[in-house]
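First the structure, in the form of structure tokens, and then the observations on it.
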Amino acid sequence: MADEKNLHSPQNSRSSQDLNPPRDLSSLQNPHSPQGEKKEREVYLDFAAATPMAPEVVEAMLPYFTDRFFNPSAPYAAARAVRDEVERARAKLAHTIGARPDNIVLTAGATEANNLAFATVSDDGHVIVDAIEHESVLACANTFSHTTLRVGADGRVDPDRVAAAIRPQTELISIELANGEIGTIQPIREIAAVAARERSRRLKAGETRPLHVHADASQAAATLSVNISSLDVDMLTLSAAKVYGPKQVGLLWASDSVRLRPLVLGGGQEGGVRSGTENVAGVIGFACALERAQAHQKEEARRLAHLRDLLQAQLAHEFLDMVVSGPKNAKLRLPSLLHVAFPGVEARRLVILLEREGVSVGTGSACAASKMQISHVLEAIGASHEAAAGSLRLTLGRTTTQDDIVYAASALMRAVHAEQARGAAFTNTLRMAKRSAND
């Protein structure tokens, strides 16, 4: 249960009149047009689920599929050269987040990195997570004694709740930097300060049990800083797939104070923490993608925030009952993400209608969407079933343009109006049928 009842706050301000949507929607196709009819435009608004690989990333990776295919653990010169290139990529990843290369463990994605972070916890240890974490974090927490923190109606974690949840057995606090479904940015530095105070108390009391803070920053790395000094965490998860790099490549950064335990045993790669032949091409691509994303993070965040606000203003002007999830202050949401709900309209039908218009959107996290169920995130913030059923997650990315936003907003307006009309007609039919039966 969420702390508050008012979850989704209507965003109906018409103060941005210059952002009002074009009223002439005649250029768009009918949402009920045949599947094979040519679409006016293709607009992808599901970057939180997957990003396309950047051309420079593909170019950097290609040699390692062909000429430089060697196993980095082999003894001859060509393989040793590839080993050196892997280490240079590791150093680039480390430099990008302000870390040392020795503290980087390369993994097969963010889920494995999150699992590795939880492997630091003792069998009798206690962990703290919040209710809107990624499924991989929640699943790991369920294997330990754990506390799942309630979040506010905006999805934010209260650092005071974290402090109150700490027990003498608590060894790990895992809170994501930004939520990938409703976009809430968490106060990670304040939470890290709570943990630091507890560590200081334990030290003075002669208690030896460790306490670490872990943050999954996968969804944030394209638009927020992921410098470990500014976050002040002990462990950090990142994913190449969210920064225009290859899928199934990730990392866990762990500070010197963290004792990692291997999940995968074998040949002893990654300092014995993560065995298995390295994904050389993936690591090279990851380093290229993350470096570029962080180098352009501020300007891209400003650009996407402007486009997101444009999209929100267009939709809010058309639908006065539309609700927006996440903090009211847009600066506390990911600049690339807009989570909206249209009460009384089924989101799954909107996805189909929008796809016919050439617009691809999500209904929440890809994991929840694949199961066709209301996500745990919306349940945690107390969303009504009606609002959750009509929710869409619109996420922008590097290739999104203002023309894309105008087109997508217009297509969405048409789809919502069509579904509202269909619902009204169905309700009227039921009413007439009941009246006939009574007569």
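Each row is one residue, and each column tells you yes or no for (1) open to solvent by 20 Å² or more (accessible area, probe 1.4 Å); (2) of a type in the set (Lys, Arg).
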| residue | (1), (2) |
| --- | --- |
| Asn103 | no, no |
| Glu135 | yes, no |
| Arg161 | yes, yes |
| Ala164 | yes, no |
| Gln169 | yes, no |
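Just checking, does the range 327-348 include any residue being over 21 Å from Leu45 (Cβ atoms), modelled with pLDDT under 95 and in contact with a Leu (Cβ under 7 Å, 6 or more places away or on another chain)? Within the range 327-348 (the criterion being over 21 Å from Leu45 (Cβ atoms), modelled with pLDDT under 95 and in contact with a Leu (Cβ under 7 Å, 6 or more places away or on another chain)), the answer is no, since none of the residues qualifies. Residue count for the range 72-101, restricted to those that are within 30 Å of the chain's Cα centre (by Cα), open to solvent by 60 Å² or more (accessible area, probe 1.4 Å) and more than 22 Å from Ser230 (Cα to Cα): 2.
Kindly evaluate Ala313 against the criterion of being in contact with an Asp or Glu (Cβ under 7 Å, 6 or more places away or on another chain), on the phi < 0 side of the Ramachandran plot and at pLDDT 90 or above. First the steps, then the outcome.
Working: in contact with an Asp or Glu (Cβ under 7 Å, 6 or more places away or on another chain): no; on the phi < 0 side of the Ramachandran plot: yes; at pLDDT 90 or above: yes.
No; evaluated as a whole, the condition is false for this residue.
Please verify whether the range 350-363 includes one or more residues that are among the hydroxyl-bearing types (Ser, Thr, Tyr) and out of contact with any Gly (no Cβ under 7 Å at 6 or more places or on another chain). Checked the range 350-363: at least one residue is among the hydroxyl-bearing types (Ser, Thr, Tyr) and out of contact with any Gly (no Cβ under 7 Å at 6 or more places or on another chain).
Pull up the range 37-71, narrow it to residues that are of a type in the set (S, T, N, Q) and farther than 29 Å from Ala220 by Cβ, then point me to the one that is most open to solvent (accessible area, probe 1.4 Å). Walk me through how you get there before you give the answer.
The initial filter retains those residues of the range 37-71 that are of a type in the set (S, T, N, Q), namely 51, 66, 71.
Now narrow it down to the ones that are farther than 29 Å from Ala220 by Cβ: 66, 71.
Values: Thr66: 79, Asn71: 63 Å².
Of everything passing the filter in the range 37-71, Thr66 is most open to solvent (accessible area, probe 1.4 Å).
Of the residues that make up the range 363-379, is at least one modelled with pLDDT of 90 or more, under 21 Å from Asp403 (Cα atoms) and not basic (Lys, Arg)? Taking every residue of the range 363-379 in turn, none turns out to be modelled with pLDDT of 90 or more, under 21 Å from Asp403 (Cα atoms) and not basic (Lys, Arg).
Could you tell me whether the range 182-192 includes any residue that is part of a loop (DSSP other than H, G, I, E, B) and either surrounded by fewer than 18 Cβ atoms within 10 Å (Cβ to Cβ) or of a type in the set (D, E, K, R) (or both)? Yes, the range 182-192 has at least one match.
Go through the range 167-183 and give me each residue that's over 19 Å from Ala196 (Cβ atoms) and in contact with a Pro (Cβ under 7 Å, 6 or more places away or on another chain).
First, pick out the residues of the range 167-183 that are over 19 Å from Ala196 (Cβ atoms): 176, 178-183.
The answer is none; no residue qualifies.
Kindly evaluate Arg156 against the criterion of being part of a loop (DSSP other than H, G, I, E, B) and over 26 Å from Thr107 (Cβ atoms). Yes, satisfied. Tell me whether the range 350-359 contains one or more residues that are open to solvent by 40 Å² or more (accessible area, probe 1.4 Å), over 21 Å from Thr184 (Cα atoms) and without any contact (Cβ under 8 Å) to a residue 12 or more places away in the chain. Yes. When residues in the range 307-325 are screened for being under 19 Å from Ala383 (Cα atoms), open to solvent by 10 Å² or more (accessible area, probe 1.4 Å) and not charged (D, E, K, R), 2 of them pass. Answer yes or no as to whether Ile173 is part of a loop (DSSP other than H, G, I, E, B) and open to solvent by less than 50 Å² (accessible area, probe 1.4 Å). No, not satisfied.
The values are calculated or read from the model by the stated rules, or taken from the named source; none is laboratory data. Quick caveat: nothing in here was measured; it's all calculated off a predicted structure. Using ideal geometry, Cβ is built from the backbone for each residue, glycine included, and neighbour counts are taken over all protein chains shown. Just the protein is used for accessible areas: all its heavy atoms, side chains included, with ligands, DNA and RNA removed. Shrake-Rupley method; radii C 1.70, N 1.55, O 1.52, S 1.80 Å.
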